[in-house]
Every structure is written in structure tokens, then in C-alpha cells.
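Remarks on the structure that follows.
The values are calculated or read from the model by the stated rules, or taken from the named source; none is laboratory data. Everything numeric in this text was worked out from a predicted model, so none of it was measured. No Cβ is skipped: glycine too gets one built from the backbone with ideal geometry, and neighbour counts run over all protein chains shown. When the accessible area is computed, the model is the full protein with side chains, heavy atoms only, and any ligands, DNA or RNA have been set aside. Shrake-Rupley method; radii C 1.70, N 1.55, O 1.52, S 1.80 Å.
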Amino acid sequence: MANSKGRRRRFGTIRKLPSGRFQARYPGPDGVVRPADDTFATKGEAEDWLTLKAAELLEGDWIDPDAGEILIPDYAATWVEERPGLRPKTVKNYRSLLRRQVAPHLATVTVGELTLARVRRWRKKLLDSGTSEITTAKAYRFLRAVMNTAVDEGLIKRNPCRITGAGSEDSPERPVLSVAQVYALADAAGLRYRALILLAAFSSLRWSELAGLRPEDVDLDACTVRVTRQLSKPGVDPVFGPPKSRAGRRVVVFADLIVTDLRKHLGALPDGAPLVFTSPEGMALSNTNFRRRVWLPALAAAGLSEIHIHDLRHTGNQFTANAGANPKELMARMGHDSPRAALIYLHSSDARQRALAEAVAKTARSELAKSKKFKIAKPSGTRKARRQDDTSKP
């Protein structure tokens with residue numbers, strides 16, 4: 001639309017301030033007139049800025065500058081609460097990262113104010129304050145996920161978390177125990193938890209899966225354990241949930257050399273016991289309490305250090321890999337989802353899984369025999385007959 005002098009009326013308005021600088025304002029799609037965040041040295045700069053705003057409105061790229069006024073800790077807390085399908089442990093981890101790594105440093109920063117430079121300074125503060133690289137990477141990934149949602153909701157144009165490699169972590173290689181060390185730990189843990197240590201190492205189950213096992217999940221004749229759930233929250237009223245992933249619902253074949261220990265353990269359970277492994281008070285196992293009361297003393301007694309409970313799962317995985325398992329077979333045993341879609345069409349047979357478990361048992365027996373320190377049980381006639389029956393099936 002042209003004015004009386006024939007010049008096209010520009011989008012928005014520009015006025016010269018007493019300071020000599022220029023202020024630009026424009027009407028948003030909601031009719032509210034908004035000024036630029038800063039003033040301009042020349043009228044031409046103000047006109048250029050208005051031209052960019054007009055293009056944003058025309059192309060649908062305009063972002064309401066007031067939309068990002070919510071503080072980052074508040075927005076992140078709401079993000080965690082409204083995130084669908086998060087497991088209790090994940091929620092706990094997110095809240096911890098928010099409370100310890102994000103909120104203390106970005107408490108007064110709004111979603112719209114977070115810039116790449118601010119993210120870079122925040123990350124550096126974490127590292128300089130002694131926060132580990134692993135925790136810093138986790139905090140960065142959490143903040144990046146939160147800000148991705150802010151982009152999706154139209155609060156900001158672009159995610160400011162764009163530091164190359166900041167979300168990656170180089171975890172140190174975890175130790176692998178020898179068979180003799182596993183048995184030494186099992187001995188040191190005592191009769192109540194001996195079977196737990198052995199099953200953890202020779203089945204590669206997660207701690208939460210072991211803590212959620214029921215007596216009916218263990219088949220001693222078939223040397224299998226069925227995983228259908230995991231312990232999400234211990235305590236007086238424990239909470240159980242589905243396995244960590246779809247592949248986590250599985251049947252795992254374990255080495256038959258631990259059957260005798262499992263049989264003694266199951267036989268000692270009271271009638272109607274809901275769980276295979278519990279605390280002395282009969283409650284669902286707490287990882288923290290088990291580590292303090294059982295694990296650390298057992299490590300000291302066995303002459304070991306810097307070993308985590310999860311390292312038993314890592315050890316079992318290495319036992320199976322050494323026995324000749326291929327990546328797909330390891331994934332099936334560990335309950336991992338495929339990293340590549342093509343692997344969906346590959347399957348690990350029950351016969352192969354049983355052969356792997358038997359190979360682990362054979363190797364373990366050989367190592368234990370060399371140590372001359374541990375008594376081992378020979379396969380029973382029933383199990384031998386069952387294996388022969390399995391191999392005869394098509």
C-alpha cells in the first residue's frame with residue numbers, strides 16, 4: 001500500500017530516540033506490537049531487521065519472543081513429568097541431573113535466553129567443578145532433549161545445544177572376572193547370595209532382572225531362566241515393570257555347572273516365596289543396600305577391588321563371546337534390541353543358545369579344575385538325556 005507521496009509503506013515503525021539510536025517495532029500475528037530486543041545505530045539497520053521479521057511472518061517462521069520466557073529448570077521439570085513412557089529409574093536419573101547439574105547453573109536463564117555460548121560456558125563450569133566427563137555428557141544430552149522439545153513447541157527457532165561431541169562419553173573398559181574370581185566372590189558372599197552371584201555371571205542378567213525373578217521363572221532341568229519383568233523400585237511395596245526393552249523379554253540358557261547351587265537355594269526358600277532373591281528380612285533387594293552389606297565385603301574377602309555388580313553381567317557376556325557366540329546370539333542373550341534394522345531378520349536358535357551355555361560350562365569346569373579349590377558338579381543323567389532330546393528335534 002502506497003502513501004500520498006507514492007512511497008510504499010514499510011512493515012512496522014521506526015523512531016529515533018533521544019540518544020540518537022533507532023528503535024524498531026512491528027505488529028505480531030496476534031496484533032501485539034513488539035519492539036526489537038535492541039536498538040540500532042542507523043535507520044538502515046532497523047529497516048533491515050524489520051524486513052527479516054516480515055519475511056519470518058510471511059514464511060511461518062516467526063517465533064513469539066514471549067513464548068520462551070519460562071525458566072529452564074521449570075520447563076525441564078515439566079518436560080520430565082509429561083514425558084510419556086519413562087521408566088521410574090529414568091525419571092530418577094533425569095531429576096538428579098536437573099537438580100545437580102542443570103538448575104544450579106541455569107536457574108535464572110529462560111528457554112529463550114539460552115544460547116550456544118551459554119551452553120558452552122555451562123558445560124565448561126561442570127567440567128571445571130570436578131563433574132566427570134560421563135555425568136557431564138549425560139547432563140548435556142538431557143538438556144539437549146529438553147531444548148529439542150522447546151523447538152518442536154515453537155518456543156525457540158533452533159536448539160542451542162550444538163557442541164560437537166559434547167553428548168558422547170568414553171566410558172572406561174569394564175573389567176572381566178575369571179571363573180575362579182566369580183566363584184571366590186560367590187563363596188565370600190555367603191550361602192544366601194552365592195547362587196545370585198553365580199547366576200548373574202552365567203546368565204548375563206541385569207541386576208533388576210535378577211531382583212525380579214520368581215521361583216517359577218527358573219527351570220533347573222532345562223537350565224533356563226525366563227525373564228518377563230524387572231524390579232523397578234525396591235522396598236516394603238516393591239514395584240515391578242517390564243524388561244528394559246522388547247528384546248529383554250527372553251529365555252536365557254545358563255551353564256549347568258551352577259544347577260546344584262541353584263537347587264540348594266530354591267530348596268531353602270519358604271513355601272510360596274514370591275522372589276528368588278531377597279534381603280534377610282525377605283524384602284525385594286535394594287542395589288544400594290546389597291552393595292554396602294554384601295558386595296563390598298565380598299570383594300575385600302576375595303581380594304578384589306573396583307568391581308561393580310554390573311561387571312558380572314559384562315563377565316557373563318565375555319564368557320559367551322569367548323565360547324564362539326556371534327553378535328546376534330550375544331544380543332539375544334543379553335536382551336539388547338538390534339542396532340541395525342537388518343538384524344531383525346536374523347534369529348538365534350534355541351539349540352545354538354544351549355550349545356553356547358554348554359561351551360561356557362566346559363571352559364569354566366576346566367579352569368576350576370586347574371585351581372583345585374572349588375568343587376564342581378557333573379551334569380545329571382536327566383540333563384544329559386534332555387540335551388540329547390533337544391538335539392534330536394528339527
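Which of the residues spanning region 124-160 are open to solvent by 10 Å² or more (accessible area, probe 1.4 Å) and touching a Phe, Trp or Tyr at 6+ places or on another chain (Cβ under 7 Å)? Steps first, answer last, please.
Within region 124-160, the subset open to solvent by 10 Å² or more (accessible area, probe 1.4 Å) is 124-125, 127-135, 138, 141, 144-145, 148-149, 151-159.
Within region 124-160, just Thr149 meets the criteria.
So, in region 185-237, how many residues would count as being assigned to a helix (DSSP H, G or I) and among the aliphatic types (A, V, I, L, M)? Reasoning before the result, please.
We begin by selecting, within region 185-237, every residue assigned to a helix (DSSP H, G or I); these are 185-189, 191-203, 207-211, 215-217.
Remaining after also requiring among the aliphatic types (A, V, I, L, M): 185-186, 188-189, 191, 195-201, 210-211.
Qualifying residue count, region 185-237: 14.
So Ile197 clears everything in (1) open to solvent by 10 Å² or more (accessible area, probe 1.4 Å); (2) more than 22 Å from Arg118 (Cβ to Cβ); (3) modelled with pLDDT of 95 or more except one condition, right? Which one?
So the condition that Ile197 fails would be (1).
Out of all the residues in region 260-289, which are farther than 20 Å from Arg313 by Cβ and either more than 31 Å from the chain's Cα centre (by Cα) or charged (D, E, K, R) (or both)?
If the condition is that a residue be farther than 20 Å from Arg313 by Cβ and either more than 31 Å from the chain's Cα centre (by Cα) or charged (D, E, K, R) (or both), then Thr260, Arg263, Lys264, Leu266, Gly267, Ala268, Leu269, Pro270, Asp271, Gly272, Glu281 are the ones that fit.
Filter region 71-119 down to the residues that are outside any helix (DSSP H, G or I), loosely packed, with under 14 Cβ neighbours inside 10 Å and of a type in the set (Ser, Thr, Tyr) and list them by number. Spell out the reasoning first.
Quick first cut of region 71-119, residues outside any helix (DSSP H, G or I) only: 71, 83-87, 107-110, 114-115.
Then keep just the ones that are loosely packed, with under 14 Cβ neighbours inside 10 Å; that gives 84-85, 107-108, 115.
Once the filter is applied, which keeps residues that are outside any helix (DSSP H, G or I), loosely packed, with under 14 Cβ neighbours inside 10 Å and of a type in the set (Ser, Thr, Tyr), region 71-119 yields Thr108, Thr115.
This table checks each residue for (1) of a type in the set (A, V, I, L, M); (2) within 30 Å of Glu306 (Cα to Cα).
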site: Thr110; (1), (2): no, no
site: Leu116; (1), (2): yes, no
site: Leu126; (1), (2): yes, yes
site: Ala166; (1), (2): yes, yes
site: Glu169; (1), (2): no, yes
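Checking Val239 against (1) buried (at least 19 other Cβ atoms within 10 Å of the Cβ); (2) within 23 Å of the chain's Cα centre (by Cα), which single condition isn't satisfied?
Checking Val239 against (1) buried (at least 19 other Cβ atoms within 10 Å of the Cβ); (2) within 23 Å of the chain's Cα centre (by Cα), the one that fails is (1).
Where residues in region 280-308 are aliphatic (A, V, I, L, M) and buried (at least 18 other Cβ atoms within 10 Å of the Cβ), which of them is farthest from Leu269 (Cα to Cα)? It would help to see each step written out before you state the result.
At the first step, the residues of region 280-308 found to be aliphatic (A, V, I, L, M) are 283-285, 294, 296, 298-302, 304, 307.
With buried (at least 18 other Cβ atoms within 10 Å of the Cβ) added as a condition, the list becomes 284-285, 294, 298-299, 302, 307.
On the way: Ala284: 14, Leu285: 15, Val294: 19, Ala298: 22, Leu299: 26, Ala302: 27, Ile307: 29 Å.
Filtering first and then ranking leaves Ile307.
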